[in-house]
Amino acid sequence: MQELGRIHQLIIPFMGREIIFNLEVMFMTWIVITVLLVFGFFATRKASMLPGPVQVSGEIFVKMIYDMTEDALGERSKTYAPLICALFMFLLTCNWIGLFPHLHEPTKDLNTPLSLGIMGFFIAHYAGIRAKGIGSYLKEYCEPIFLMAPLNVIGELAKVVSISFRLFGNIMGGSIIILVVSYLTFSILLPPFLNFFFVIFIGAIQAFVFTMLTLVYISVQVH
């Protein structure tokens with residue numbers, strides 16, 4: 001079993017340790033990126049005043065995300081709206097790709113949501129420093145008294161853990177439930193319904209929640 005698991009891994013020795021790359025997750029991630037690039041190409045290839053269905057769906061989606069970003073960030077929305085839009089589209093496609101045979105959600109691997117959570121963390125705090133200045137930014141960690149600074153730092157780091165494990169837990173949990181029920185019912189009737197429910201509905205909800213929490217974290221830092 002250990003050798004079988006290594007087939008999907010690239011192991012590189014480094015300073016007496018092993019750096020492990022999950023090739024399956026990397027491959028699925030590139031499939032998601034390719035799908036998004038193809039969608040973007042066809043959505044903008046023949047942009048016109050009388051748009052086609054692909055252009056309409058793309059414009060409605062982008063406008064919805066931009067409006068939510070503007071509500072949260074005000075005049076700064078133009079800077080961060082592309083990030084929020086791309087993040088939601090990426091997560092949504094990652095969560096929905098599991099509908100297709102032999103394809104698996106990259107978000108089932110903790111490295112994917114954790115990496116996105118860390119990315120959001122650094123972007124949010126960079127935005128805070130840029131908006132307030134380094135002095136005012138650091139001063140907030142000492143409120144209401146300077147002894148609270150360590151707890152405030154831990155609280156910020158906990159946000160990364162919370163947002164990442166929430167996404168990972170829901171996607172992985174849904175997959176486990178589908179496997180267990182499929183085994184118990186011999187894959188008759190109920191598992192396809194569960195698969196549709198967890199992949200489409202739960203996947204969309206979790207992508208939206210992760211994206212909105214990232215947006216909220218940025219908004220908290222800049223205001």
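The values are calculated or read from the model by the stated rules, or taken from the named source; none is laboratory data. Note that this is a predicted model, so its numbers are computed, not measured. Note: ideal-geometry Cβ built from the backbone for every residue, glycine included; neighbour counts use all protein chains shown.
Tell me, please, whether a residue that is part of a helix (DSSP H, G or I), of a type in the set (Gly, Ala, Ser) and either touching a strand residue (DSSP E or B) at 6+ places or on another chain (Cβ under 9 Å) or at pLDDT 90 or above (or both) can be found in the range 144-163. Yes: the range 144-163 contains one or more residues that are part of a helix (DSSP H, G or I), of a type in the set (Gly, Ala, Ser) and either touching a strand residue (DSSP E or B) at 6+ places or on another chain (Cβ under 9 Å) or at pLDDT 90 or above (or both). Number of residues in the range 105-140 that are closer than 18 Å to residue 24 by Cβ and touching a Gly at 6+ places or on another chain (Cβ under 6 Å) equals 1. Which condition does residue 113 not pass, out of (1) closer than 19 Å to residue 220 by Cα; (2) in contact with a Phe, Trp or Tyr (Cβ under 6 Å, 6 or more places away or on another chain), if it passes all the others? Checking residue 113 against (1) closer than 19 Å to residue 220 by Cα; (2) in contact with a Phe, Trp or Tyr (Cβ under 6 Å, 6 or more places away or on another chain), the one that fails is (1).
Listed here are the residues, each with its yes/no results for (1) at pLDDT 90 or above; (2) within 15 Å of the chain's Cα centre (by Cα).
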site	(1), (2)
30	yes, yes
72	no, no
78	no, no
103	no, no
106	yes, yes
120	yes, yes
126	yes, no
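Applying the criterion of being farther than 16 Å from residue 206 by Cβ and of a type in the set (Gly, Ala, Ser) to the residues of the range 144-170, the residue that is surrounded by the most Cβ atoms within 10 Å (Cβ to Cβ) is 149.
Taking the criterion of being under 24 Å from residue 178 (Cβ atoms) and among the hydrophobic types (A, V, I, L, M, F, W, C), the residues of the range 90-130 that qualify are 90, 91, 92, 94, 96, 97, 99, 100, 103, 110, 114, 116. Of all residues in the range 2-28, those being charged (D, E, K, R) and modelled with pLDDT under 75 number 3.
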